[in-house]
Each structure stands twice: as C-alpha cells, then as structure tokens.
Amino acid sequence: MENFKTLMPWFKLVRLPNLLTVPGDVVAGYLLAVAAVAQKPKPSLLFFAVGASFGLYLFGLILNDLMDVEVDRCERPERPLPAGEITVPQARMAAIAMALSGLNLALAAGRSALYVGAALSGLVVLYNAVLKRVPVAGVLTMGLCRGASLLLGAVAAWPELFTKPGRNAVPVFLAAGGLTLYVAGFSAVARREMDPEKPQGSASWLPFAALLLCLPALLVALSALKRLDTFTPTVYVFLMVMTLMRSWLLGGLMYRAQPVPATVGGHIRNLMMVQACFCVAAGPQGLLPALLFVLLSLVFPGLAARFYSS
C-alpha cells in the first residue's frame, strides 16, 4: 500500500488510464504491414516497437507537464508538479530516461523503426515547445504523433515501407492518416475545455468526419487489393458501424448533454475501437488483438472514473 501511495503521483502525471490506448497504434500498424508483405509475425519486433511507443508516449506526457508547470500552478494546482508531489528535477530525469528508452527500443526493432521513433520524439518536442498553443498546427501535431506510432509498428514488420511501398502499403498509410485526423479532431474538441467562451461550431464533428472518411476507404482499399477473406468483412463492418455510431453520438447529442472532458474521454475510449478496426483489417491474425482492444474500451470508463476521482 505504501508503494502504491508513492507511485500514485507518477500515475497521475502520466494519466494512467490513457496508457491503455498506447499499444493499439503499434499493434495495428504492425499487423497491417505483416499482412501487406505476407510474412510470419515476429513477436520480438512487435514487443520492441510497443515498448518504444510507450517510452516516447511517456516522454511526451512528462514533458507536457514540465513545460506547463507555471501555468498549472494557477490553473491546475492539484497536478503532481505544482503540488510538489514530484519535483521538477525528478520529472526532468524521468522524461530523459523515457526518451532514451523509447529510442533504444525502437533501434532494437530495426533501423527504420529508429528513424520513425526519432521523428516521433521530434514531433513531441516541437509540440510542447512551440506548437501547443497554435490552434491548427497544435492539434494536427497531436494527431501526427499517433499516426507516427502506427507507422512505428508498421516499419518494424516492413522496414522498406517508405523506400519501396507499392500498392500493398495503401492500407497502412490510410490507417495512419485516419488515426492522425481522428486524434487531431478530438484534440480540437479538447481545446473547448481550455477556452469555454469560444464557440465550437462544427469542430465537434471533426472526429466523426475523420472516421467516416477513413474506415470505409480502408475497406475499399482492401477489397481492391483482394485481401479480404469471407469472414473479415463481416466483423470489420460490424466494428466500423459501432465505432462510427459512437463517434456520431459524441459529436452531437452527447456533446451537447455532457461536459467537454467527458466527450473527450469518450473519444479516447473510441480510439481503442478504431484500433480494433485496423487490426481486423489485417485479416484473421488481427481478430484476437481486436477483441482485446474492444474489451479494453469497455474497461476504460470504469478505470478512468476510479482513477480521476481518487
């Protein structure tokens, strides 16, 4: 119990429930790439890529609070850094350790994965140092970080993805683009919390629009490449409809009926459904990971409610 109390400020710093969404990007990208090159999965490469994604994600979260510590002293004094539960030097050392760990694990997944990991870490620094408060560029960079995570998994399985892509790479890039736009969309919605007087207009529909473009397009691309078996389209369409319906409700009725943080939490939960769709798009080998991400999306609300109320 004492150890848990010691770790609790760190769990708050990294927003522990949101970490459930991290592995899905990499796993989806990896499986889509494996399906594209028709090779057997190598679990060790996937393990290294997922570890790299976790390290760089944690680096971004800690760096975010370090850059905002003075603002948080006024607006969010309960956060671990302004509350003094974690010192700034401790958080700085943790950020450096996470960045180095993420890059080293990316290198273990292959040189191409290291390049993508370096680009991802650059986006993290650029966002926190410069673009965070630039409306369009900031939310787009947030989305690009998630898209890069998916590509990190993809290049672990297919190192020549960028040098010799070919037609088979289309589903990978469609998934990365759709993920980028979806995360950018609900990041734009999240800005409503920081500026409650600013009218939101049509921004609440951006996440739904991103998925409406991406998910059907991915199915069409797979059909054109003749990579659909008899069972996959049924599961994919079912998950796609569920994901789109939830995003549609979050953009309309639920957006008007609940606080903005609850809507953003709903989109984060729905992110795991998007990841499940991408896994199913990779074929039968993606069914079990997809089921896992669907189950995580069911667990997420309860875990988040307990964590953020503690």
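The values are calculated or read from the model by the stated rules, or taken from the named source; none is laboratory data. Since the model is a prediction, treat every value here as computed from it, not as a measurement. Using ideal geometry, Cβ is built from the backbone for each residue, glycine included, and neighbour counts are taken over all protein chains shown. For accessibility, only protein heavy atoms count, side chains too; no ligands or nucleic acids. Shrake-Rupley method; radii C 1.70, N 1.55, O 1.52, S 1.80 Å.
Quick look at the numbers
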item	result
Lone qualifier among Ala97, Ala113 - being part of a helix (DSSP H, G or I) and open to solvent by less than 20 Å² (accessible area, probe 1.4 Å)	Ala113
Test: Val116 is modelled with pLDDT under 95, under 25 Å from Met272 (Cα atoms) and touching a helix residue (DSSP H, G or I) at 6+ places or on another chain (Cβ under 6 Å)	no
The listed residue being of a type in the set (Ser, Thr, Tyr) and without any contact (Cβ under 8 Å) to a residue 40 or more places away in the chain, out of Thr232, Thr263, Thr243	Thr243
Residues of the range 84-94 satisfying the condition of being within 16 Å of Tyr57 (Cα to Cα) and either surrounded by 21 or more Cβ atoms within 10 Å (Cβ to Cβ) or without any contact (Cβ under 8 Å) to a residue 12 or more places away in the chain (or both)	Met93
Close pairs (8 angstrom Cβ cut-off, 6 or more residues apart or separate chains): more than 12 Å from Gln285 (Cβ to Cβ) in the range 18-46, open to solvent by 30 Å² or more (accessible area, probe 1.4 Å) and at pLDDT below 90 anywhere	Leu20/Val299; Leu20/Leu303
Matching option when the condition is within 26 Å of Val170 (Cβ to Cβ), surrounded by 16 or more Cβ atoms within 10 Å (Cβ to Cβ) and of a type in the set (A, V, I, L, M, F, W, C), among Leu206, Leu291, Leu213	Leu206
Leu56 buried (at least 19 other Cβ atoms within 10 Å of the Cβ) and either outside any loop (DSSP other than H, G, I, E, B) or modelled with pLDDT of 95 or more (or both)	yes
